[in-house]
Structures are given as structure tokens and as C-alpha cells.
Amino acid sequence: MSETADVVVIGGGVQGASLAFHLASRGTRVIVVERATVAAGATGRSSGLVRVYYDLLAEARLAATAHEWFRDWEARVGGDCGFTRTGFLWIEPGDAEARVRANVASHRALGVDSTVVDAAAMRELAPGLAIADDEVAAWEPGSGYADPSMTAGSLIRAARERGATLRQGASVTAIRVTGGRVDGVDTTKGSIDAPVVVNAAGGWAKEVAALAGLEIPLTVWRHDTGYLGVPASVPRPIPVVIDIANEMYFRPEGTELVLVGLEDDNQMGGSPDRDTASAAPTFRDRAAERIVRRVPGLIDGTFRTAHSGQDGLSTPDQRPMLGPAGPDGFYLDCGHSGTGFKTAPAVGLGMAELILDGAATSVDIAPFAFTRFAAGRVLEGEHGGAPVWR
Ligand SMILES: Cc1cc2nc3c(=O)[nH]c(=O)nc-3n(C[C@H](O)[C@H](O)[C@H](O)COP(=O)(O)OP(=O)(O)OC[C@H]3O[C@@H](n4cnc5c(N)ncnc54)[C@H](O)[C@@H]3O)c2cc1C
């Protein structure tokens, strides 16, 4: 005999967990089907950066709304998301100053605490960093990082307290469609009848969409990260940094470590089922050389460990796909393109409103509709800037 639900969410990453939380908070009977365990995919490997600075205002809006949730987690969700406020610098070469100023102005108009800072101010904020005289940055004092596994776990726990069901170790093997609408899923642990099915399957979202007869422009994006021990001689504090000139980001992990990731040489394509236990053989040297350029004191640092992670990347524009697509009752919450941790609390809120009310009203997710591709529209930053990942 089948179980029944109002909504089946495929995937127990941070996006599926957030959606389940928001749906359950509104009294919806939701079942999350996760083939492994909560946060087993991109979420468990995420670097957890929480900032608002985006070149696309629609994404900055989602990040700004989500930021309020991270800051107020215990009251809104309960439990802990591990949010650590360190401040955030988005550093660009001086010739990008006009773009940085325009983006910061639009973020300030959203109520975000963000300012443009010059090299002298950066040296005060982050004394361990080597800054060229003509560099410029956006500075968000309220931003930082959170713990992605704790965040997803906390959302799932809160969803279950509100009546949601979690099926771990269960793979969705079929999405049933009758007369052009979904009516449930088959899993390796039984069938579920439901009029709404959401694809929140991260790097597996292309395969899951195909189960509903839908082709989506998504590839697997593979991204290595490493952890270095920071010697006592390196001046603190070290904020979260995205460093455009060096195609790199880094952040503190507690007080003794920094986490580093590179924006270039990320492998595109391949199977989402590949092992992610190791980083590419060249990653350690490349990351070490890159971070020492920006934090010279790390020449005496120790490379502790490195591993990889994979997310679903939307190939036309590296922006998420959110909303209905394919048969009636089928929704996408995928294509988060290596930046979908920080937005999850807001995306889940908007997706729940879209599913239950027919439109998202608390946040605007309409720009991310799947229909944009058929209309030949890709999302680009209002003031220029290239897609982040190569
Ligand atoms: C190394 C790395 C660093 C990152 N750093 C940041 C960052 O600093 N800030 C930021 O905002 N974002 C970051 N991201 C991106 C962010 O982590 C992801 O966008 C986000 O975690 C995606 O969440 P998700 O729930 O969509 O996918 P996932 O976490 O991948 O979850 C999808 C789940 O679906 C399950 N699944 C797949 N197929 C099936 C099936 N058939 N049946 C049932 N279950 C299925 C999988 O097991 C998986 O658990 C990073 C990503 C990576 C990989």
C-alpha cells in the first residue's frame, strides 16, 4: 500500500530541508525522500559562506532575506546553524570600482549593512592580508559563515517537529505522471502518492527531472576545498574573503584554521556519484600558492586536508531554477550552482508560498523560473561581471 502526502521533496540537502520546514510550518503533509542521509550531497561539503553581495539583485535579495534567518536562527527555526559573524570582504581590482559601488548601493537600498572600502580600510579590517593600493572592496560587517550540516539538520528536525516525515536511505526511482500531472513517486522503500513533487536533488537533479520526462540544462560542478593551519604569527582577525583577482575565497574555520576554495579549474560534467573524498592532485599546491599571495603569513601554515564536493550547475547562467516545470505538480528547486547554501532559508520560504498559494510573496523567486530558458533569457548582473565558476 502507498503512503500519501501533500508534497514529496526529493533530496535531503539544505534546500530540501528548508522547503520541508516551510511547508510543514504551514501545516502541509510533506515527505522528504533522501537516498543517503541528510546533507550527504553538496550541503555536507559546502563552505558555508553567508553574505549578501551578488552581482544580480534578485540573488542579493534572496541572500538578504536568508541572512535574517541565519542571524535569528534559534527563534525562527530552533537549534543551531553555527552562524559565525566574521565580517565579509568582496575584493576587486581598482578598475571594478564603479561596479562594486553600484552593487553596494543596491544592497544598501535593501537595508543591508554594506559599504565600499579602500586599501587602507581593508588593512585595518584584516591586518593579515596583503592589499594592493588600488584594490577596492565591499565590506559587510554582519556577514560570515555557518555550518551547513548543522543548518540542514536543524531545519529537518524542526520540520519533523511540525509533522514532516523523513525517509533516509530511500532513492526515488520513478515519478508517476497520469494525464499530464504527477501523482506520486516510487522509491526503493515503497511508493508515495502525492499531487506535488519537488526536485531538490542537487547534482542529481538532471536525472531526477528525466524521471518526470523533463530535460533541464544542468551539469555537475565539482569543487575542491582545503584547510590550512594558521600560525600564531598571522595577524587576526581574518574575515570571510572573496578575492576576485586571485580567483579564490577563504574564511576562518574556528580560530586555528582557514578554509580555501578556488574559482577556476572546477571540473564541469561527470557523474554525481563520483567519490568526493579527495581533491584533485594539483589542488594543494595551487591553493597554497594562491592564498599565500593574499595572506603572506601563511607561508608558515600547514596544509591539513582537502576534499571535494559536487553541486548542480545551471549551464546557461549559473543561477538557480525555481518553480514549476514539466508535468503539472512538478517543481524544480535546483541548479544552485555552487552558491545555494546561503539562500536556502529564503528559497524554501518562497517555494512553499509558490506551491501553496500560487505565488511567492515574501521573497521574489519569479526571475529564476525555468521558463526563462525557453524565452531565451539568461540572468546577468545589472552592472556587469562574469559568472563565477570556471
Ligand atoms: C565544496 C562546496 C562548497 C560550497 N560553498 C558554498 C558557500 O560557501 N556558500 C553557499 O551559499 N553555497 C556553497 N556551495 C553550494 C551549496 O552548498 C549548494 O548549492 C547547496 O548545498 C545545494 O543544496 P541542495 O539541497 O540543493 O543539494 P544537495 O545538498 O546536493 O542535496 C541533494 C540531495 O538529493 C539526494 N538525492 C539525489 N538523488 C536522489 C534520488 N533519486 N532520491 C532521493 N534522494 C536523492 C542526494 O543524496 C542529496 O543529499 C558549495 C558547494 C560545494 C560542493
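The values are calculated or read from the model by the stated rules, or taken from the named source; none is laboratory data. Note that the structure is a prediction, hence the values are computed from the model and not measured. Counting neighbours? That spans all protein chains shown, and the Cβs are built from the backbone with ideal geometry, glycine included. To get the accessible areas, we keep the full protein, side chains included, count just its heavy atoms, and leave off ligands, DNA and RNA. Shrake-Rupley method; radii C 1.70, N 1.55, O 1.52, S 1.80 Å.
Out of all the residues in the range 1-27, which are in a helix (DSSP H, G or I) and among the hydroxyl-bearing types (Ser, Thr, Tyr)? It would help to see each step written out before you state the result.
Of the residues in the range 1-27, the ones in a helix (DSSP H, G or I) are 14-25.
Answer for the range 1-27, where residues must be in a helix (DSSP H, G or I) and among the hydroxyl-bearing types (Ser, Thr, Tyr): SER18, SER25.
Go through the range 60-92 and count every residue that is in contact with a strand residue (DSSP E or B) (Cβ under 7 Å, 6 or more places away or on another chain) and among the acidic types (Asp, Glu).
1
Taking the options ALA102, ALA20, name whichever one is open to solvent by less than 20 Å² (accessible area, probe 1.4 Å) and among the hydrophobic types (A, V, I, L, M, F, W, C). Step through it out loud before you land on a result.
On the way: ALA102 fails: open to solvent by less than 20 Å² (accessible area, probe 1.4 Å).
From the options ALA102, ALA20, the qualifying one is ALA20.
Exactly one of (1) under 30 Å from ILE291 (Cα atoms); (2) open to solvent by 40 Å² or more (accessible area, probe 1.4 Å) is unmet by VAL50. Its number?
VAL50 satisfies all of (1) under 30 Å from ILE291 (Cα atoms); (2) open to solvent by 40 Å² or more (accessible area, probe 1.4 Å) except (2).
Would you tally the residues in the range 11-30 being more than 10 Å from ALA201 (Cα to Cα) and within 11 Å of the ligand (Cβ to nearest atom)? Outline the logic, then answer.
Residues of the range 11-30 that are more than 10 Å from ALA201 (Cα to Cα), as a first pass: 14, 17-30.
Pick out the ones that are also within 11 Å of the ligand (Cβ to nearest atom) and you get 14, 17-20.
Residues flagged as more than 10 Å from ALA201 (Cα to Cα) and within 11 Å of the ligand (Cβ to nearest atom) within the range 11-30 amount to 5.
Of all residues being among the β-branched types (Val, Ile, Thr), in contact with a Leu (Cβ under 9 Å, 6 or more places away or on another chain) and not in a loop (DSSP other than H, G, I, E, B) in the range 274-332, which is most open to solvent (accessible area, probe 1.4 Å)? Just the residue, please. So that I can check it myself, show each step before the final result.
Initial filter on the range 274-332 (among the β-branched types (Val, Ile, Thr)): 276, 282, 291-292, 295, 299, 302, 305, 315.
Going one step further and asking which of them are in contact with a Leu (Cβ under 9 Å, 6 or more places away or on another chain), we end up with 291-292, 295, 302, 315.
Now drop any that are not not in a loop (DSSP other than H, G, I, E, B), which leaves 291-292, 302.
Working: ILE291: 0, VAL292: 38, THR302: 66 Å².
Only one residue tops the list, namely THR302.
Determine, yes or no, whether ALA63 is within 13 Å of the chain's Cα centre (by Cα), under 20 Å from TYR145 (Cα atoms) and open to solvent by less than 20 Å² (accessible area, probe 1.4 Å). Full working, then the answer.
Working: within 13 Å of the chain's Cα centre (by Cα): yes; under 20 Å from TYR145 (Cα atoms): yes; open to solvent by less than 20 Å² (accessible area, probe 1.4 Å): yes.
Answer is yes for this residue.
If I filter the range 90-145 down to residues being over 18 Å from ALA60 (Cβ atoms) and small (Gly, Ala, Ser), which single residue comes out as modelled with the lowest pLDDT?
Among residues in the range 90-145 that are over 18 Å from ALA60 (Cβ atoms) and small (Gly, Ala, Ser), the one modelled with the lowest pLDDT is GLY94.
What helices (runs of 4 or more DSSP H) completely inside the range 40-133 contain at least 1 residues that are aliphatic (A, V, I, L, M) and within 13 Å of the ligand (Cβ to nearest atom)? Lay out the reasoning, then the answer.
On the way: elements: 42-45, 57-71, 73-76, 97-109, 119-125.
The helices (runs of 4 or more DSSP H) meeting that bar are 42-45, 57-71.
Would you point out the residue of the range 32-47, among those that are open to solvent by less than 30 Å² (accessible area, probe 1.4 Å) and of a type in the set (Val, Ile, Thr), that is nearest to ILE244 (Cα to Cα)?
Filtering the range 32-47 down to residues open to solvent by less than 30 Å² (accessible area, probe 1.4 Å) leaves 32-34, 39, 41, 43, 47.
Filter once more, keeping what is of a type in the set (Val, Ile, Thr): 32-33, 43.
Numbers: VAL32: 37, VAL33: 38, THR43: 24 Å.
Out of the qualifying residues, it is THR43.
Given the structure, is GLY385 part of a loop (DSSP other than H, G, I, E, B), within 19 Å of ARG181 (Cα to Cα) and not basic (Lys, Arg)?
Details: part of a loop (DSSP other than H, G, I, E, B): yes; within 19 Å of ARG181 (Cα to Cα): no; not basic (Lys, Arg): yes.
Criteria not met by GLY385.
Scan the range 300-318 for residues that are farther than 30 Å from ALA374 by Cα and either among the β-branched types (Val, Ile, Thr) or out of contact with any Lys or Arg (no Cβ under 8 Å at 6 or more places or on another chain) (or both) and jot them down.
Within the range 300-318, ASP300, GLY301, THR302, ARG304, THR305 qualify.
Looking at the range 105-139 only, could you name the residues that are open to solvent by less than 10 Å² (accessible area, probe 1.4 Å), touching a residue at least 40 places away in the same chain (Cβ under 8 Å), farther than 20 Å from PRO252 by Cβ and over 22 Å from the mean Cα position of the chain (by Cα)?
VAL136
Residue check: is PRO217 more than 10 Å from the ligand (Cβ to nearest atom) and open to solvent by 30 Å² or more (accessible area, probe 1.4 Å)? Let's see the steps before the verdict.
Values: more than 10 Å from the ligand (Cβ to nearest atom): yes; open to solvent by 30 Å² or more (accessible area, probe 1.4 Å): yes.
So PRO217 passes the test.
Inside the range 175-218, can you point out the residues that are in contact with a helix residue (DSSP H, G or I) (Cβ under 6 Å, 6 or more places away or on another chain), assigned to a strand (DSSP E or B) and more than 21 Å from LEU23 (Cα to Cα)?
Passing the criteria: only LEU218.
Could you please give the count of residues in the range 140-164 that are open to solvent by 40 Å² or more (accessible area, probe 1.4 Å) and outside any helix (DSSP H, G or I)? Outline the logic, then answer.
Residues of the range 140-164 open to solvent by 40 Å² or more (accessible area, probe 1.4 Å): 147, 149-150, 157, 160-163.
Pick out the ones that are also outside any helix (DSSP H, G or I) and you get 147, 162-163.
Going through the range 140-164 one residue at a time, the tally reaches 3.
Filter the range 333-382 down to residues that are in contact (Cβ under 8 Å) with a residue 24 or more places away in the chain, assigned to a loop (DSSP other than H, G, I, E, B) and over 19 Å from THR43 (Cβ atoms), then give me how many there are.
Residues meeting the conditions: 11.
Evaluate the following for THR225: is it surrounded by fewer than 18 Cβ atoms within 10 Å (Cβ to Cβ) and β-branched (Val, Ile, Thr)? Spell out the reasoning first.
Numbers: surrounded by fewer than 18 Cβ atoms within 10 Å (Cβ to Cβ): no; β-branched (Val, Ile, Thr): yes.
Criteria not met by THR225.
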